[in-house]
Amino acid sequence: MSVTEKLPSATASSAGASHGVERQLLSGAEITCRSLEAEGVTTVFGYPGGAVIPLYDALPRAGFKHVLVRFEQWAALAAEGYARATGKPGVCMATSGPGATNLVTGLADAMLDSVPMVAITGQVVQPLIGRDAFQEVDITGITLPVTKHNYLVQRVEDIAPTIKEAFYLATSGRPGPVLVDIPKTLFIQKALYSYPSTVGRRGYQPTSTPNMRQVRLAAESIARAERPLIMAGHGIMLSEATEEFRQFVEMTGIPVIFTLLGLGCFPESHPLALGMMGMHGHKHVNDALDECDLLLNVGARFDDRATGNVNGFAPKAKIVHVDIDPAELGKNIRTDVPVVGDAGEVLRQLLPEVEQRRYQAWTDWIEARRNIALEVALEHQPESPEPYTIVREIAAASNGEAIVTTDVGQHQMWTAQYFGFDHPDRWITSGGLGTMGFGLPSAIGAKIGRPDLEVWAVIGDGGFQMSMNELATCVQENLDINIAVINNGYLGMVRQWQDLFHEKNYSEVRIGGPNLEKLAEAYGITGITVRRTVEIRPAIERARSIRGPVLMDFVIEPEANVWPIVPPGASNTEMMHERRFADTE
Amino acid sequence: MKKRHTLVVLVEDHPGVLNRVVSLMRRRSFNIDSITVGHSEQPGVSRMTLVVVGRDDEVEQVGKQLYKLMEVLKVQDLTEANAVSHELAMVKVAAKAQHRAEILQVAQIFDAKVVDATPSSLLIEAVGSEDRIDNLLTMLKGFGIRELVRTGAVAMARGAQATAIKDGRAERETVIVANGSAGMAT
Ligand SMILES: Cc1ncc(C[n+]2csc(CCOP(=O)(O)OP(=O)(O)O)c2C)c(N)n1
Ligand SMILES: [Mg+2]
C-alpha cells in the first residue's frame, strides 16, 4: 500500500474534520497514483518526459511498481501482455507528444483484440493547449478511433472520478483500451482526494444478461442440428467462462473449432477439440465449417482471416452468434439467432435448455478429413530444424503449461497450429492488428503478471528487430523469459505471399540482422544458436535451466512456408496445401 | 435497397461529442447526408438529426455503432415513423426591379419569408421538407442565386409520444438484428 503523504497538517486535519469520509489535500500527481492504487494496480509500464515529470515525481512513493521500458509502444504492449496473462487491466503511461503518439499502436492492438487497458498520458499545460506548444499533440483526437473511450481531464478534482470511470469502461462489457490525458498543470494543482465508489454513465450499460427468448431460440436451433459446430473465441476467456464452456461442450457433444485468439479456451487435447479455423487453420476444420448445419459462435467476431470469403462461409449453416457487443451481430456475417450477452451468463442460461448428445457420424466425417499425410510427414525430421518441431519441443518441455507470446508472421501461425493449447490465458498473440514487435514486450508484461509461469516468446527475426531494444528491460527486471527467434532471414510471411501469389518476386523481404549470440552477450545474457534438429531439445532444456532472459537463435530453412493457406479473397475450403501433401485434397 | 434514413440521436452534451459521432461515421464508411445538432428539452442532452443513406442493415449497424459511444443515450430511426422532417434555407437571390414581383410570388407560394432586401437582391428564408426547399430553389434559379445556405433536416415524430430518455437512463431497448428478431434487452 501507499506510504502516507506528508501534508500541510492544518489543511489535512481541517479537511478531515469537515467530512465524514477521510479526504486529503493531494496534488494531481498523487491523486493519480492513489487512484491507480485504489484500482488494485500493481505494475505500470511507462516512460517519463516533460509533461509527466510531476507525475513521475510522485511515483517513488506510489504503492505500485513502474517498469521503465525502452520505447513507449512496447509499454502499451507490455501492458497488454500483462492484461492477457492476468485478466486484470494493463496500465501504461507516457509523456505528451511523441510519448503519447508512441502508444497509439498498442491502443489499436488492444482495441481490436478487446484487451482491458488504461493509458495515462501527460498533456501540455492548460494555457498552452491548442497553441502547438512544445510536445503538444491532440492525443484524444488521434486515439479516438482506437480507444473504447478517452478523456482530456480539465480539473484536478476530475482526475480520480475519471480514472475510476476509465477502469470501469476498460474492464466491463466488451473490454478495451481507455486513454486518460492529463495536462501537466493538473498534476501540480491540489485537490481534496477521495476515490469514488460508483460510476454513473447514462450512455453505457453493457448487456451481460441475455434475452431468454433468444437463448431458447438458440437451444431450439441446437436441438434441430445434425452437424453442429462451435466456433470458440477470445470472449470465453474474457468472460472467465472456460469452465461453463467445457460443461456446455461436454453436455452437448458439439465439436469445437477455435479462432486464433480463442485457442486455449478449451483444451486442444480434448477429443471434441478440432483445432484452429481460417486462413491457416486445419483442413478438416475448414471442411467441417463448409459442411456444418449449425454454427454456434461464442465470443468471437467474424474476422475475415477466420471466415475467408464470407460468401463461401459456412454455407449450409444456421448461425447462432453470442457476443456481448451487439454491433458484432450481423456486422460481417448474416446471423440467424443473435444473442447479446456475456459468454458465461449465456452459457449458464443455455446449459439447462440443451440435451446431452453425441454426433458420431458427424465427428467421424470430420476426422476422416484430417490431413494425415501432413501429420505423418511431420514425424520425419530433416537435418535443419523444422519450425513445427521447435514449437512442439517447447510445448513438450514445458508440459504445455507455459505462457507463449508470439510476434506476427509465419512463426506465429506455426505456433498457433502446433503448440496445442490446453490452458486459458497462456496464448498471447496479436490477432486483430497483427502488430510486429508484439512478442517481446507482451512476454515482459506476461512474465511480470504471472511470475509463477514459464514464459516463452516465439518471435520472427524481423519482428524481433522491431522490439529487441526491450532486451534491456528484460535484463533490468531480471525476467526469466526464453526468447526463441525463428530465424529464416526473411520477412517470412510476406515472402510466402510473394512466393505464392506474386511469382516469387521477393521484393524487400530479405532481412539481415545482428549476430544474436553477440547481441545476447552485449546485454549480458545467454545466447544459444541452434542449427540442427538434434540440438533443439538440449538447447530448450538449457534455456529453461537458466534463470533470467535467454536469447535463442533457431536457424531454419529460409523458404519454409506455412501450410495450409487460404489464398486472400478465397473461401476457406479453397485451401492450398504443401505440394508434397496436396494429394490428400 | 439503399434509402434515406433519418436518425434522431440524443447525446450527452460533452465537449467533442460531435467529433466522436462524425469520426465514427467516416471511419465506418457511413455516408452522412446531413447532420444537425442543438439543445433538446432536457438540460445536458443535445439532439442530433442525422440523415444517412444506406440499406436497412447498414443503417442498423450505424445505430449499433453509435450506441458504442459513451455519450450516445438514444438512437431512433424515424424513417418508418410518421415524422416531420424540415430544414431551413436562406437564399440570396438576384432581384432586378422587373423580377421582384415574380420572386415575391414564388416566395409566397412556398411560405418563405423575405428577411432582407437591397436594390439588387432579396434574402429569402424558407422552412420545409427537403423536397419543398429543392422545389423553391428550382423556381428561384432562373433569377440568379447568389448565395445559399441550408441547415440539413431536423426531425420529430408526430403524435403524443416523444423520443426521450426514460427515467434519465439511456435506453437501448430493442435493436432489430438481421432477420428481425430482438437482439438486445434493456
Ligand atoms: C508493424 C508491422 N509492419 C509490417 C507488418 C507486415 N508483416 C506481417 S508478417 C511480416 C513478416 C514478419 O517477418 P518475421 O518477423 O521475420 O517473421 P516470419 O514471418 O519470418 O516468421 C510482415 C512484414 C506487420 N504485421 N506489422
Ligand atoms: Mg523471419
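The values are calculated or read from the model by the stated rules, or taken from the named source; none is laboratory data. Worth saying up front: this structure is predicted, and the values here are computed from it rather than measured. Neighbour counts run over all protein chains shown; Cβ positions are idealised from the backbone, glycine included.
See the values below:
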read-out: Residue in segment A:190-204 that is of a type in the set (F, W, Y), more than 14 Å from chain B (Cβ to nearest Cβ) and surrounded by fewer than 22 Cβ atoms within 10 Å (Cβ to Cβ) present; value: yes
read-out: Segment A:491-528, residues that are within 13 Å of ligand 1 (Cβ to nearest atom) and among the charged types (D, E, K, R); value: A:R495, A:D499, A:E508, A:R510
read-out: Sole residue being at positive phi, modelled with pLDDT under 95 and within 14 Å of another protein chain (Cβ to nearest Cβ), chosen from B:G159, B:G180; value: B:G180
read-out: Residue in segment A:499-522 that is touching a residue at least 60 places away in the same chain (Cβ under 8 Å), surrounded by fewer than 24 Cβ atoms within 10 Å (Cβ to Cβ) and either within 14 Å of ligand 2 (Cβ to nearest atom) or under 21 Å from A:V404 (Cα atoms) (or both) present; value: yes
read-out: Residue check, A:I481 within 16 Å of ligand 2 (Cβ to nearest atom) and either under 19 Å from the mean Cα position of the chain (by Cα) or at pLDDT 95 or above (or both); value: no
read-out: Number of the exception - A:N478 against (1) free of Cβ contacts under 8 Å to residues at least 60 places away in the same chain; (2) outside any helix (DSSP H, G or I); (3) more than 9 Å from ligand 1 (Cβ to nearest atom); (4) of a type outside the set (K, R); value: (1)
read-out: Test set (1) over 26 Å from the mean Cα position of the chain (by Cα); (2) within 12 Å of chain B (Cβ to nearest Cβ); (3) within 25 Å of A:S208 (Cβ to Cβ) - A:P161 fails condition number; value: (2)
read-out: Among (1) in a helix (DSSP H, G or I); (2) within 16 Å of ligand 1 (Cβ to nearest atom); (3) in contact (Cβ under 8 Å) with a residue 60 or more places away in the chain - the single one A:I536 does not satisfy; value: (2)
read-out: Helices (runs of 4 or more DSSP H) enclosed by segment A:330-415 - at least 3 residues per element that are within 14 Å of chain B (Cβ to nearest Cβ); value: A:343-350
read-out: In segment B:75-93, residue nearest to the other protein chains (Cβ to nearest Cβ) [restricted to those that are over 16 Å from the mean Cα position of the chain (by Cα) and surrounded by 20 or more Cβ atoms within 10 Å (Cβ to Cβ)]; value: B:V91
read-out: Leading residue by the ranking (nearest to the other protein chains (Cβ to nearest Cβ)) among those in segment A:207-222 that are within 30 Å of A:D422 (Cβ to Cβ) and of a type outside the set (S, T, N, Q); value: A:P210
read-out: Residue list for segment A:431-446, filter: closer than 19 Å to A:M237 by Cβ and more than 16 Å from ligand 2 (Cβ to nearest atom); value: A:G431, A:G432, A:L433, A:S442, A:A443, A:G445, A:A446
read-out: Among residues of segment B:114-138, those that are surrounded by fewer than 17 Cβ atoms within 10 Å (Cβ to Cβ) and under 21 Å from the mean Cα position of the chain (by Cα), counted; value: 7
read-out: Among the candidates A:E165, A:E80, A:E157, residue that is surrounded by fewer than 20 Cβ atoms within 10 Å (Cβ to Cβ) and either at pLDDT 95 or above or on the phi > 0 side of the Ramachandran plot (or both); value: A:E157
read-out: Options B:T79, B:T49, B:T138: the member that is among the hydroxyl-bearing types (S, T, Y) and modelled with pLDDT under 95; value: B:T79
read-out: Total residues in segment A:298-329, condition more than 10 Å from every other protein chain (Cβ to nearest Cβ) and more than 25 Å from A:A223 (Cβ to Cβ); value: 11
read-out: Residues (closer than 29 Å to A:E37 by Cα and of a type in the set (S, T, Y)) located in segment A:195-241; value: A:Y195, A:S197, A:T198, A:Y204, A:T207, A:S208, A:S239
read-out: Search result, residues across segment A:15-46 that are among the small types (G, A, S) and at pLDDT 95 or above; value: A:S27, A:G28, A:A29, A:S35, A:A38, A:G40, A:G46
read-out: Qualifying positions in segment A:454-472 - within 17 Å of the chain's Cα centre (by Cα) and away from ligand 2 (no atom under 16 Å from the Cβ); value: A:V455, A:W456
read-out: Filter result for A:V404 (within 16 Å of ligand 1 (Cβ to nearest atom) and not assigned by TED's automatic domain parsing to the domain that holds A:K88); value: yes
read-out: Enumeration of residues in segment A:123-145 that are of a type in the set (A, V, I, L, M) and more than 10 Å from chain B (Cβ to nearest Cβ); value: A:V124, A:V125, A:L128, A:I129, A:A133, A:V137, A:I139, A:I142
read-out: Residue identified as part of a strand (DSSP E or B), touching a strand residue (DSSP E or B) at 6+ places or on another chain (Cβ under 8 Å) and of a type outside the set (S, T, Y) among B:L136, B:L73, B:L104, B:L140; value: B:L73
read-out: Pairs with Cβ under 8 Å, 6+ apart, first in segment A:256-283 and assigned by TED's automatic domain parsing to the domain that holds A:R227 and hydroxyl-bearing (S, T, Y), second in a strand (DSSP E or B) and modelled with pLDDT of 95 or more; value: A:T259/A:M231; A:T259/A:A232; A:T259/A:M276
read-out: Subset tally (residues that are under 21 Å from A:I444 (Cβ atoms) and either more than 16 Å from the chain's Cα centre (by Cα) or away from ligand 2 (no atom under 15 Å from the Cβ) (or both)) for segment A:398-415; value: 7
read-out: Residues (of a type in the set (A, V, I, L, M) and either more than 16 Å from A:T526 (Cβ to Cβ) or within 7 Å of ligand 1 (Cβ to nearest atom) (or both)) located in segment A:447-475; value: A:I448, A:L453, A:V458, A:I459, A:M466
read-out: Hits in segment A:348-391 (condition: hydrophobic (A, V, I, L, M, F, W, C) and within 30 Å of A:G460 (Cβ to Cβ)); value: A:I372, A:A373, A:L374, A:V376, A:A377, A:L378, A:I390, A:V391
read-out: Odd one out for A:Y388 among (1) under 17 Å from the mean Cα position of the chain (by Cα); (2) within 16 Å of ligand 2 (Cβ to nearest atom); (3) of a type outside the set (G, A, S); value: (1)
read-out: Those residues of segment A:481-490 which are within 12 Å of ligand 1 (Cβ to nearest atom) and not aromatic (F, W, Y), in sequence order; value: A:A484, A:V485, A:I486, A:N487, A:N488, A:G489
read-out: Residues that are part of a helix (DSSP H, G or I) and surrounded by fewer than 16 Cβ atoms within 10 Å (Cβ to Cβ), drawn from segment A:51-75; value: A:I53, A:D57, A:P60, A:R61
